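Each remark here refers to the structure printed beneath this line.
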Amino acid sequence: MFPKGGMGGMVKQAQQMKKKINQVQDELEKLDIEGQSGGGMVKITVNGKKDVKSVRIDQNVLNEEVDMVEDLILAAINKAMDNADEISKDKMASLTGGLNIPDLF
C-alpha cells in the first residue's frame, strides 16, 4: 500500500520536495526577467515571482499620446509576466517530472 519506507518514507520525501521547491522559489525571486514593447522603447523587468523591479521608457515615447504610451507599458508588462511564467514552469517541471501540480508555488 505504501512505498518502500512506509508512511515515514513518504513524509521524508514530501519534506525533501518542499525543500527543493523553496530553493527554486528563492532562485526565481533573484531572477531579472524582461518584457519589452515598441521595439524596445518600453522595458519592464520582473523577478520570477512576478514582482515588477524596474520600468524603463525611452524619452521619445513620452512625446506620443497617452493612450499609446499606456498600451506600450501594458504590452511590456504582459510580456514580462509571460516570460516569468515560462521560466517558473520550466524550473518547477524539473522538480515534478513535468507533472502540472496546481498551486505548487
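The values are calculated or read from the model by the stated rules, or taken from the named source; none is laboratory data. The model shown is predicted, which means the values in this text are computed figures rather than measured ones. Here the Cβ positions follow ideal geometry from the backbone for every residue, glycine too, while neighbour counts run over all protein chains shown.
Here Lys20 passes the criteria (1) in a helix (DSSP H, G or I); (2) modelled with pLDDT of 90 or more; (3) touching a helix residue (DSSP H, G or I) at 6+ places or on another chain (Cβ under 6 Å) except the one numbered (2).
Answer with yes or no whether Ile33 is under 29 Å from Ile87 (Cβ atoms) and either charged (D, E, K, R) or at pLDDT 95 or above (or both). So Ile33 fits the description; yes.
Scanning the stretch 4-25 finds one or more residues that are without any contact (Cβ under 8 Å) to a residue 60 or more places away in the chain and either surrounded by 14 or more Cβ atoms within 10 Å (Cβ to Cβ) or on the phi > 0 side of the Ramachandran plot (or both). Considering the stretch 48-60, the residues that are at pLDDT 95 or above and touching a strand residue (DSSP E or B) at 6+ places or on another chain (Cβ under 8 Å) include one that is farthest from Ile73 (Cα to Cα), namely Lys53.
Within the stretch 44-78, count every residue that is at negative phi and not in a helix (DSSP H, G or I). Qualifying residue count for the region: 16. With respect to (1) assigned to a helix (DSSP H, G or I); (2) exposed (fewer than 11 other Cβ atoms within 10 Å of the Cβ), the lone exception for Glu29 is condition (2). Checking each residue in the stretch 48-89 for being buried (at least 17 other Cβ atoms within 10 Å of the Cβ) and either farther than 15 Å from Lys30 by Cα or of a type outside the set (Ser, Thr, Tyr) (or both) picks out Gly48, Val69, Leu72, Ile73, Ala76, Ile77, Lys79, Ala80, Asn83, Ala84.
Regarding Gly40, is this residue out of contact with any helix residue (DSSP H, G or I) (no Cβ under 8 Å at 6 or more places or on another chain), at pLDDT 90 or above, surrounded by 11 or more Cβ atoms within 10 Å (Cβ to Cβ) and not acidic (Asp, Glu)? When the stated conditions are applied, Gly40 passes them.
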